[in-house]
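Please read the structure below before turning to the comments.
The values are calculated or read from the model by the stated rules, or taken from the named source; none is laboratory data. Everything quoted here is computed from the prediction, not taken from an experiment. FYI the Cβ positions are ideal-geometry reconstructions off the backbone, even for glycines, and counts take in every protein chain you see.
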Amino acid sequence: MNPEGFPAEIMVPLTALLASHLGLAFPPKRWPDLMKGLASAAPELGFREAMEVAEHLLAKPVSQEVLAVLASQLTIGETYFFREPGTFTVLANQLLPPLLATRRSSDRRLRLWSAGCASGEEAYSLAITVHQAIPDWPQWQILLLATDINPQALEKARRGVYSAWSFRGVSAQVLRTYFTPLGNNKWEIKPWLRQMVTFAPLNLARDPFPADQTKTTDLDIIFCRNVLMYLAPEVAESIIGKFAAALTEGGWLLVSPAECSLVQTGPFRPCPQGHAIPFQKIAQRVAPSWEGVQSVTPPPTSTSFQKSSPHPTWATRSQSCPSRQPQTGPRRASHGKVEPAPTPVAAEPAPTLPELTAEGDLPAACLPEPQSVEADGDAAAMAALAKHYADLGHLETAFHWSERARQEDCLNPHHYYLQASILMEQNRLEEAGRLLRQALYLQHDFILAHFLLGRLSLEQQRPQEALRHFNNTLFLLNNYPDEAAVPAAEGMTMGTLRQLVAETKNRLTGVGAPARPG
């Protein structure tokens, strides 16, 4: 027996069988969830309890009928319209416009897939977004495919009838335009919108795709959110590779924030946009870089380094610094005559970031110009150099290296936080706020990002907003002992930060701004 009280001799092969047939991952910590699902499936399968179902599954070949029942009970169908609204904003404002502009002058074709559509809210949200983006949509060839492994969820999706719970955050305008009220707090998708969506069963773990017969080829956009996280790692990796094959060149894959790290295994390039990170299919797997790859909106690049710089170049620093670029050409002497060039000396290679950051705190005169350093894709070293420049007060150069680090490793929330800190020093508050919100999109419990958003809100004279962020910070701090170190805070303890936040809150509430929970 394992610590949860389940016999390992049954649970281990059972979880392997479910991973093989459904792709679902049930590590030991999720065995209670698995047995609860089997208990719910037991009456429909003709058994009294979960263990009888488990023993039956291991004793005989699993039929499609049994798999359908298991899929209905073991998959999570919680969803609602326009879930994670930032993703739909990016779809409407960044992804669709350039795609539609290109297709409008050619074949007027658009193909989208909601993979793991559950009860249909995501698929219909896509249909609404497409309808709003294409006023003459009947003149287009639009495929909006929606698939799921759960037959019961698909049946609900085809009916298109939803309760108020599915409309959290949906505007009254959207309700009036796309739904018909049925009474009893229920609404029905209007028939013309329902006809835009093609629902079909598809098991991502076992069914073949991309394939013409399942309409999973030449796709422009794939939504697969809150699905991959429940699959076995090897299954998720295989599915991501198939998604890439199903997409057209330059097509887009959108997953949930918790699944972004999984997509790094495929031929995709992350393109952070506001509160979402769409992944663009690229011709071959390369290190993430904005250069040379068509993207929706390239990140801002600093041009200040082309001006006269206060920092000496690497070749002209004081003699206490190692010379990397010896002078080899002729030089003019003080009396005006041209002296012969010295004997050429083999130039040493440009310093690499690991070499520089390994030296610890370099004096200001020994710091290189950004263009003189070989990056070699080392985002951590770039971030270290950004911090060093920032400590010296060279904020433009610090911003440059923080931008390089963020572009190189754009799924790391600490790089967004670092750049936001530099932007706040430059009084570029709106940009800093955008980056901090992106950091929280990647890691919702990033304590320092919540804290810095509170400070930023104070700078912007928004006390109520500041209190909300400080309350969120304190809520997260309460999960740790005082002596624990705050991640990315360079030695600050949880207790010190807790005291600092509490004092700031007390000053705010003392001037009549009541604290409100986040």
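Miscellaneous remarks
- Remark: pairs (first residue in region 32-51, assigned to a loop (DSSP other than H, G, I, E, B); second residue surrounded by fewer than 19 Cβ atoms within 10 Å (Cβ to Cβ); Cβ separation under 8 Å; 6+ apart in sequence or on different chains) = Phe47/His56; Glu49/Ala39.
- The listed residues are Glu408, Glu403, and the only one of them that is touching a residue at least 60 places away in the same chain (Cβ under 8 Å) and under 16 Å from Ala432 (Cα atoms) turns out to be Glu403.
- Tally, over region 378-423, of residues that are crowded, with 19+ Cβ neighbours inside 10 Å, acidic (Asp, Glu) and assigned to a helix (DSSP H, G or I): 2
- The selection criterion, being buried (at least 22 other Cβ atoms within 10 Å of the Cβ), among the aliphatic types (A, V, I, L, M) and at pLDDT 90 or above, holds for Ile149.
- Filter pass, Thr79 being closer than 19 Å to Pro257 by Cβ, touching a Leu at 6+ places or on another chain (Cβ under 8 Å) and hydroxyl-bearing (Ser, Thr, Tyr): no
- Residue in region 428-438 that is modelled with pLDDT under 85 and either under 24 Å from His388 (Cβ atoms) or in contact with a Phe, Trp or Tyr (Cβ under 7 Å, 6 or more places away or on another chain) (or both) present: yes
- Evaluation of Pro181 against (1) surrounded by 14 or more Cβ atoms within 10 Å (Cβ to Cβ); (2) assigned to a strand (DSSP E or B) (one fails), failing number: (1)
- Breaking point among (1) modelled with pLDDT under 90; (2) of a type outside the set (A, V, I, L, M, F, W, C); (3) over 23 Å from Leu99 (Cα atoms), for Ser256: (3)
- Meets criteria (farther than 30 Å from Leu144 by Cα and not assigned by TED's automatic domain parsing to the domain that holds Gln273) for Ala50: yes
- Counting the residues of region 437-464 that are on the phi > 0 side of the Ramachandran plot and crowded, with 20+ Cβ neighbours inside 10 Å gives 0.
Quick grid of which residues meet (1) under 25 Å from Ile222 (Cβ atoms); (2) out of contact with any strand residue (DSSP E or B) (no Cβ under 6 Å at 6 or more places or on another chain); (3) in the same structural domain as Leu91 (by TED's automatic domain parsing):
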{"position": "Ile142", "(1), (2), (3)": "yes, no, yes"}
{"position": "Ala157", "(1), (2), (3)": "yes, no, yes"}
{"position": "Ala164", "(1), (2), (3)": "no, yes, yes"}
{"position": "Ala172", "(1), (2), (3)": "no, yes, yes"}
{"position": "Gly183", "(1), (2), (3)": "no, yes, yes"}
{"position": "Leu193", "(1), (2), (3)": "yes, yes, yes"}
{"position": "Thr198", "(1), (2), (3)": "yes, no, yes"}
{"position": "Pro201", "(1), (2), (3)": "yes, yes, yes"}
{"position": "Ala205", "(1), (2), (3)": "yes, yes, yes"}
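- Test: Leu99 is in the same structural domain as Phe199 (by TED's automatic domain parsing) and either touching a residue at least 24 places away in the same chain (Cβ under 8 Å) or not polar (S, T, N, Q) (or both): yes
- Among (1) in contact with a strand residue (DSSP E or B) (Cβ under 7 Å, 6 or more places away or on another chain); (2) closer than 16 Å to Asp218 by Cα; (3) part of a helix (DSSP H, G or I) - the single one Glu249 does not satisfy: (3)
- For region 449-461, the criterion of being free of Cβ contacts under 8 Å to residues at least 24 places away in the same chain, of a type in the set (A, V, I, L, M, F, W, C) and touching a Lys or Arg at 6+ places or on another chain (Cβ under 9 Å) is satisfied by at least one residue.
- For Arg109, the conditions (1) touching a residue at least 24 places away in the same chain (Cβ under 8 Å); (2) of a type in the set (Lys, Arg); (3) out of contact with any strand residue (DSSP E or B) (no Cβ under 6 Å at 6 or more places or on another chain) are fulfilled apart from (3).
- Tally, over region 194-236, of residues that are among the acidic types (Asp, Glu) and either buried (at least 17 other Cβ atoms within 10 Å of the Cβ) or in a strand (DSSP E or B) (or both): 1
- Some residue of region 468-475 being modelled with pLDDT of 85 or more, in the same structural domain as Ala381 (by TED's automatic domain parsing) and within 19 Å of Ser261 (Cα to Cα): no
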